[in-house]
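Trainee: Sharing a structure with you now.
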Amino acid sequence: KIGGEIVNADAMQVYRDLDILSARPSAADMARAPHHLFGHLDASVRCSAGMWAREAADAIRGVHGRGRPAIVVGGTGLYFRALTEGLSPIPDAPPEARDAARVRLDELGLAAFREEVVARDPAMARLSPSDAQRLLRAWEVFEATGEPLSHFQNAPRTPLIEDVAARVVIEPEREALYAACDARFNLMLERGGLEEARRLLARGLDPELPAMKALGAAELMAHLRGELSLEEASELARKNTRHFAKRQLTWFRNQAADWPRASDAASALDVVLT
C-alpha cells in the first residue's frame with residue numbers, strides 16, 4: 001500500500017543458516033517487496049546491535065535514495081534503540097579477552113565472578129546475578145581497555161537516523177500470542193527445522209554464538225546431541241518461545257511506552273497510515 005522496502009530488525013533472521021528456525025519470510029513474501037538484512041550473515045558471525053544498526057542505517061539511506069519509505073520490522077528492541085538513539089562507543093574486545101573472561105568465570109563461579117565485575121565497575125551492580133552474558137561483556141571490556149563498561153555506556157551518542165515517520169508495536173492478546181508461539185515452532189518442524197538444526201550442529205561452531213542459541217535451534221540441537229527426546233525438546237522450545245515473547249512485550253512496554261499499539265499487522269498498517 002505504501003510502496004516501501006522492508007529492513008529486518010530481528011536478531012536471528014540476519015543469519016543465513018536460520019531460514020526455517022528464525023521464521024524468516026518466505027520467498028513468496030520477499031518477492032512482494034525488496035527486503036534487506038535477511039539471511040545475509042553466516043552463523044559464525046557475532047552480530048551486535050551496533051553492527052546491525054550501521055548496516056540498517058546504510059540500507060535505509062539506500063531505500064530513501066530510491067524515493068521509497070523504509071519499513072523496519074522485527075522484535076529486537078535493542079536494535080531499534082541503537083538505530084534511533086545512537087550507539088555507545090564500546091570497543092570490540094579481542095578474542096583473547098573473551099576467552100579469558102570465560103576462563104575466569106569457570107574458575108570463580110558466577111557469584112564470585114559477579115563480585116569481581118562489580119569491584120571493577122560498580123555500575124554493573126544493576127545486572128542480574130544470573131546474567132552471565134552481560135557480566136562476561138563487562139569483564140572483557142575492562143580487561144581489554146582498562147576502562148569500565150559504564151564509562152563507554154555513558155558517553156554521548158548520536159542517532160544513526162533522524163527521520164522516523166511512524167512507530168508502532170504489535171501487541172496481541174496474551175492467549176493469542178502464546179498460541180502463535182506454539183504454532184510457530186510446530187510449523188518449523190513441519191518445514192524441516194530439525195534438519196536445519198542438524199546442519200548447523202554439524203558445523204561445530206562455538207555454542208556461545210548468537211545463532212547457536214536461537215529459539216528452537218538450541219533445543220533441537222540438544223535433542224540431536226542425545227540430551228533430550230524430540231518431544232522434550234519441542235515442549236521446551238515452545239515454553240522458551242512463550243517466555244521470550246513475554247519478555248519482549250515487557251521490554252517494549254518499558255522502553256517504548258509512547259509508541260502506538262496495534263493488535264495485529266492489519267491494524268498496525270492503519271496506525272502507520274493515519
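Trainee: Can you pull the percent of Cα pairs in segment 95-153 with separation above 12 Å?
Mentor: 60 percent
Trainee: Moving on. What spacing in nm lies between the two simple spin-label points modelled at ALA179 and GLN133, each 7 Å away from Cα in the Cβ direction?
Mentor: Going by the 7 Å Cα→Cβ label model, 3.0 nm.
Trainee: Can you give the direction-averaged projected area of the convex hull of the alpha-carbon atoms in segment 104-215, in nm²?
Mentor: Computed as one quarter of the Cα hull surface, the answer is 11.8 nm².
Trainee: Name the residues of segment 174-191 whose amide N is less than 20 Å from a point 7 angstrom out from the Cα of SER229 along the C-beta direction?
Mentor: 186, 189-190
Trainee: What's the longest bit of the chain with no exposed GluC sites (Glu not before Pro), using DSSP loop states and at most 10 other Cβ atoms within 10 Å as the test?
Mentor: Between exposed loop sites, the widest span is 1-161.
Trainee: Further question on the same structure: Length gain on complete extension for the stretch GLN255 to ALA155, per 0.36 nm per residue less the alpha carbon to alpha carbon distance?
Mentor: 34.0 nm
Trainee: Build a GNM of the chain with springs between Cα atoms under 10 Å: which of TYR79, TYR178, TYR15 gets the top mean-square fluctuation?
Mentor: Highest fluctuation among the options: TYR178.
Trainee: When the helices in the chain are scored as -39500 (n - 2.57) per DSSP H run of 4 or longer and the sum is shared across all residues, what 222 nm value do you end up with, to the nearest 500 deg cm²/dmol?
Mentor: -16500 deg cm²/dmol
Trainee: Also, quick follow-up: Please compute the length gained on full extension between ALA112 and ALA165, using 0.36 nm multiplied by the number of residues separating them and subtracting their Cα-Cα distance.
Mentor: Full extension from ALA112 to ALA165 adds 14.4 nm.
Trainee: How far apart, in nm, are the 7 Å Cα→Cβ label points at SER263 and GLU96?
Mentor: Taking the two extended label points, one gets 5.9 nm.
Trainee: If I model a spin label at ASP42 and ALA27 as a point 7 Å from the Cα along the Cα→Cβ vector, what separation in nanometres do I get?
Mentor: 2.4 nm
Trainee: Run through all the Cα pairs of the chain and give the fraction in each 5 Å bin from 0, expressed as whole percent.
Mentor: 1, 5, 10, 14, 16, 18, 15, 11, 6, 3, 1, 0
Trainee: Treating the beta-carbon of each Lys and Arg as +1 and of each Asp and Glu as -1, no other charges, what is the dipole magnitude of the chain about its Cα centre, to the nearest 20 debye?
Mentor: 540 debye
Trainee: Using alpha carbon centroids, what distance separates segment 1-69 and segment 90-164, in Å?
Mentor: 28 Å
Trainee: What are the ³J(HN,Hα) couplings of segment 244-249, residue after residue, when phi is run through the Karplus curve with 6.51, -1.76, 1.60 and θ = phi - 60°? Round to Hz, x for glycine and proline.
Mentor: Ordered by residue, 3J(HN,Hα) equals 5, 4, 4, 5, 4, 4 Hz.
Trainee: Extension gain PHE244-LEU187, at 0.36 nm per residue separation less the Cα-Cα distance, in nm?
Mentor: Additional length available on full extension: 18.7 nm.
Trainee: Counting other Cβ atoms within 10 Å of each Cβ, which trypsin sites (Lys or Arg not before Pro) in segment 218-274 have at most 12 and sit in a DSSP loop?
Mentor: Within segment 218-274, the qualifying trypsin sites (Lys or Arg not before Pro) (loop, at most 12 other Cβ atoms within 10 Å) are ARG225.
Trainee: Work out the FRET efficiency for LEU273 and HIS64 from their Cβ-Cβ distance, taking R0 = 25 Å, and round it to the nearest 0.05.
Mentor: Computed FRET efficiency for LEU273 and HIS64: 0.85.
Trainee: Let me ask something else. Could you derive backbone 3J(HN,Hα) for segment 30-42 from the dihedral phi with the Karplus parameters 6.51, -1.76 and 1.60 (θ = phi - 60°), listing whole Hz in sequence and x where the residue is Gly or Pro?
Mentor: 6, 6, 6, 7, x, 10, 10, 6, 9, x, 9, 10, 6
Trainee: Mind telling me which of ASN240, ASN154, ASN186 comes out most flexible in a GNM of the chain, alpha-carbon contacts under 10 Å?
Mentor: Maximum fluctuation in the GNM of the chain, among the listed residues, is at ASN154.
FYI, it's all coordinate maths here, none of it is from the lab. Only a predicted model underlies this, so the values are computations on that prediction, with no experimental measurement involved. Cβ sites come from the backbone with ideal geometry, for glycine too, and all protein chains shown count toward neighbours.
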